[in-house]
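Structure first, then comments.
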Amino acid sequence: MAYLDNIFFAVVLALGVGYFALNVKKLMRNIKLGQAVNRTDNPKARWNNMLMIALGQSKMVKRPVSGIMHILVYVGFVIINIEMLEIVIDGLFGTHRVFAFMGGFYSFLIGSFEVLAVLVLVAVVVFWARRNVLKLGRFASTDLNGKPRSDANIILYFEIVLMSLFLLMNASDFWLQQAGVSHYVSAGSFPVSHFISPIFDGLNEGTVVLLERTFWWMHIVGILIFLNYLYYSKHLHILLAFPNTYYADLNAKGKIDNLESVTREVQLMMDPNADPFAAQASTDAVPAKFGASDVMDLNWVQLLNAYTCTECGRCTSSCPANQTGKKLSPRKIMMDTRDRLEEVSRNIDANKGVFIPDNKSLLNDYITTEELWACTSCNACVEECPVNISPLSIIMDMRRYLVMEQSAAPQSLNAMMTNIENNGAPWQYNQMDRLNWKSE
Amino acid sequence: MAEMMAQGQQPEVVFWVGCAGSFDDRAKRITKAFVKILNNANVSFAVLGTEESCTGDPAKRAGNEFLFQMQAMMNIQVLNAYEAKKIVTACPHCFNTLKNEYPELGGQYEVIHHTQFLKSLLDEGRLKIEGGTYKGKRITFHDPCYLGRANNVYEAPRTLIEKLDAELVEMKRSRANGLCCGAGGAQMFKEPEQGNKDVNIERTEDALETKPEVIAAGCPFCNTMMTDGVKHFEKESEVKVLDIAELIANAQDL
């Protein structure tokens, strides 16, 4: 009977972690729906990006207020999770504060966790106020109408509850330590929760033990629920920021990839010795279409980008098109890509692992041509993204589909392209007049 | 270039003029200013003249990869035939495309923007810049996206402006945070989508807030957009929009 608690704990832990693992598997399957792209070159620069940008949060502090508070929440969450290790061991083996033997160092750890927990609480409340009271532009935006807005608040409430439980758990533990209740070894320092513990005064020991156990259980179960909420929320960035910054494009931002399939075709056209029939034999190497109209046409890094996006909206707030009232919002491009990918994922799950065409696509059903044509390719969104997401690359791939597969460019752009074809300039000037400036 | 080749000479640098610099009346003045500086500094340079063609940048950014690669391969054949090694251009779009997108297609050159080239002439002592007409004037610099964010060139144009003894005033959004003029990504060649403002108006407001006498540009398209913006606010008599090359040529009375 004495082991019932521990067995129950093991089952809860296995369920929590196991279900999350299943979702991670699904996540990886979905990302792999994307086209191949090689992002393994120059590992040194990639590790450096990951260390500086994801671990070091270097791009977050470009906006100091949200940047510094984000670092508090991030450091708080990472460090307080060290406590998780102790909770898991205690839970599985029926011990209590198993690391207490570390003495002074343990006190230091617990003490710093408590201080961080308070800082996290403060930051999260400020975050909540920025969204719900101050209504900052990028959070009030219509991009977030509906689920994304409640999702963001749910995450903040979760964090408030988890941090409060952590402090209540310590406060009740401290009270029991003071009361000399057996099993509650005197360990740790409680710079914050010793101010809370008087709320238990007047209760009998049994009640406080019950409360302490309740907080402890709710804390661990809460964390497991939060872990599993990640996949259904925008909050995956806490994990995916790391691979996302590692696999991000290392080239100068101005460089847009040259489509290899097009290079082959152009070389064939320009090579007088090319045998067009010999070329036919290798057409299986040519992809079915140029550019992207749906998520499967994008590359896997772009799909990883979509899952990593946490909808902070720094991209959209710096986008020249968005600032001047156009429909384009780089954040919405990423959210649409993720939502469509999730739709495809549900389709695959419902059809025993095979995608059955649903007559929908990322283009038109999610992203309109009006949004795509409003982009100035200025790279402000790419520059801004704290985790190196590139909405621009998706916009460009979709423009490619519109132009090369559908010939659906705006009239004026068709005229520009005709001019380049005919006279080597985007305007209608005679190629032979190119040097006229010399004598004018 | 063909003439130099025929005489068995190789220029120090190939000047890629670009379509705007060749055909647009306003941008031609930038081309001529830059050429005057090159001649004054005794730089041996060549242009491709009628053998130059659009780099394909606007086609690529409009989504037409076919047309872009056709243009790229034709230009690369010409440049390689003349054994071009170093290319300078006054257009950040040409600069970006030649520098970043041509190498994979067989065109490997050292490509620099004219502000970088002028800065190197200055460092080598071949170019002297004196304030002259711009001494003490308030000049603000608009970062072209394809020079700045796209290729991390922020300092060369600023160094040149400071050498004019001018007062360089920064807009609230500058360098990596600079706002686009609205012309990039082939927008130059189409009407903007429905919105509540044009991008160039938004950017011109940034510039005018600094109360400048000159808005300096480093891109023929930014130049057009900012000039239109200044006209929109009817400030053209007080605020001039000039390329860095024009500033230097004017200061030296070339």
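The values are calculated or read from the model by the stated rules, or taken from the named source; none is laboratory data. Just so it is clear, the model here is predicted, and its values are computed rather than measured. Heads up, the Cβs are rebuilt from the backbone with ideal geometry, glycines too, and the neighbour counts pull from every protein chain shown.
Key figures
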{"quantity": "Residues that are within 14 Å of another protein chain (Cβ to nearest Cβ) and without any contact (Cβ under 8 Å) to a residue 40 or more places away in the chain, drawn from the range A:320-344", "calculated": "A:322, A:323, A:324, A:325"}
{"quantity": "Residue A:317 vs. criteria in the same structural domain as residue A:370 (by TED's automatic domain parsing), outside any helix (DSSP H, G or I) and touching a residue at least 60 places away in the same chain (Cβ under 8 Å)", "calculated": "no"}
{"quantity": "Yes/no for residue B:84 being outside any helix (DSSP H, G or I), at the interface with another protein chain (Cβ under 9 Å from one of its Cβ atoms) and crowded, with 21+ Cβ neighbours inside 10 Å", "calculated": "no"}
{"quantity": "Among (1) within 8 Å of another protein chain (Cβ to nearest Cβ); (2) more than 19 Å from residue A:269 (Cβ to Cβ); (3) surrounded by 24 or more Cβ atoms within 10 Å (Cβ to Cβ) - the single one residue B:64 does not satisfy", "calculated": "(2)"}
{"quantity": "Pairs, first outside the structural domain of residue A:339 (by TED's automatic domain parsing) and over 17 Å from residue A:398 (Cα atoms) in the range A:295-314, second modelled with pLDDT under 95 and buried (at least 23 other Cβ atoms within 10 Å of the Cβ), C-beta under 7 Å, six or more apart", "calculated": "none"}
{"quantity": "Verdict on residue B:162 being of a type in the set (D, E, K, R), part of a helix (DSSP H, G or I) and closer than 30 Å to residue B:127 by Cα", "calculated": "yes"}
{"quantity": "Residues that are within 13 Å of chain A (Cβ to nearest Cβ) and part of a loop (DSSP other than H, G, I, E, B), drawn from the range B:87-112", "calculated": "B:90, B:91, B:102, B:106, B:107"}
{"quantity": "Which numbered condition residue B:104 fails, given (1) in the same structural domain as residue B:12 (by TED's automatic domain parsing); (2) of a type in the set (D, E, K, R); (3) in contact with a Pro (Cβ under 6 Å, 6 or more places away or on another chain)", "calculated": "(3)"}
{"quantity": "Number of the condition not met by residue B:136 [criteria: (1) assigned by TED's automatic domain parsing to the domain that holds residue B:76; (2) more than 20 Å from the chain's Cα centre (by Cα); (3) closer than 20 Å to residue B:207 by Cβ]", "calculated": "(1)"}
{"quantity": "Check on residue B:9, free of Cβ contacts under 8 Å to residues at least 24 places away in the same chain and either touching a Ser or Thr at 6+ places or on another chain (Cβ under 8 Å) or among the basic types (Lys, Arg) (or both)", "calculated": "no"}
{"quantity": "Count of residues meeting criterion [exposed (fewer than 13 other Cβ atoms within 10 Å of the Cβ) and not β-branched (Val, Ile, Thr)] in the range A:28-46", "calculated": "9"}
{"quantity": "Residue match in the range B:184-193 (condition: at pLDDT 95 or above and within 30 Å of residue B:39 (Cβ to Cβ))", "calculated": "yes"}
{"quantity": "Residue B:72, sole failed condition from (1) buried (at least 24 other Cβ atoms within 10 Å of the Cβ); (2) more than 10 Å from chain A (Cβ to nearest Cβ); (3) more than 18 Å from residue B:220 (Cβ to Cβ); (4) among the aliphatic types (A, V, I, L, M)", "calculated": "(2)"}
{"quantity": "Matching residues in the range B:117-172 - criterion: being surrounded by fewer than 18 Cβ atoms within 10 Å (Cβ to Cβ), within 14 Å of chain A (Cβ to nearest Cβ) and of a type in the set (D, E, K, R)", "calculated": "B:172"}
{"quantity": "Residue within the range B:8-19 that is outside any helix (DSSP H, G or I), within 10 Å of chain A (Cβ to nearest Cβ), within 13 Å of residue B:245 (Cβ to Cβ) and not polar (S, T, N, Q) present", "calculated": "yes"}
{"quantity": "Residue list for the range A:354-387, restricted to those being assigned to a loop (DSSP other than H, G, I, E, B), under 25 Å from the mean Cα position of the chain (by Cα) and away from every other protein chain (no Cβ under 14 Å)", "calculated": "A:355, A:360, A:361, A:366, A:387"}
{"quantity": "Complete set of residues in the range B:128-182 that are touching a strand residue (DSSP E or B) at 6+ places or on another chain (Cβ under 7 Å) and without any contact (Cβ under 8 Å) to a residue 40 or more places away in the chain", "calculated": "B:136, B:158, B:162, B:167, B:168, B:171"}
{"quantity": "Residue ranges of helices (runs of 4 or more DSSP H) in the range A:190-283 with at least 3 members of a type in the set (Val, Ile, Thr), modelled with pLDDT of 95 or more and in contact with a helix residue (DSSP H, G or I) (Cβ under 8 Å, 6 or more places away or on another chain)", "calculated": "A:205-229"}
{"quantity": "Subset of the range A:418-440 [touching a Pro at 6+ places or on another chain (Cβ under 8 Å) and either farther than 21 Å from residue B:47 by Cα or of a type in the set (A, V, I, L, M) (or both)]", "calculated": "A:419, A:420"}
{"quantity": "Sole exception among (1) touching a Leu at 6+ places or on another chain (Cβ under 9 Å); (2) free of Cβ contacts under 8 Å to residues at least 60 places away in the same chain; (3) in a helix (DSSP H, G or I) for residue A:414, by number", "calculated": "(1)"}
{"quantity": "Answer residue from the range A:193-235, given it is touching a residue at least 60 places away in the same chain (Cβ under 8 Å) and among the hydroxyl-bearing types (Ser, Thr, Tyr) and is farthest from residue A:346 (Cα to Cα) among those", "calculated": "A:193"}
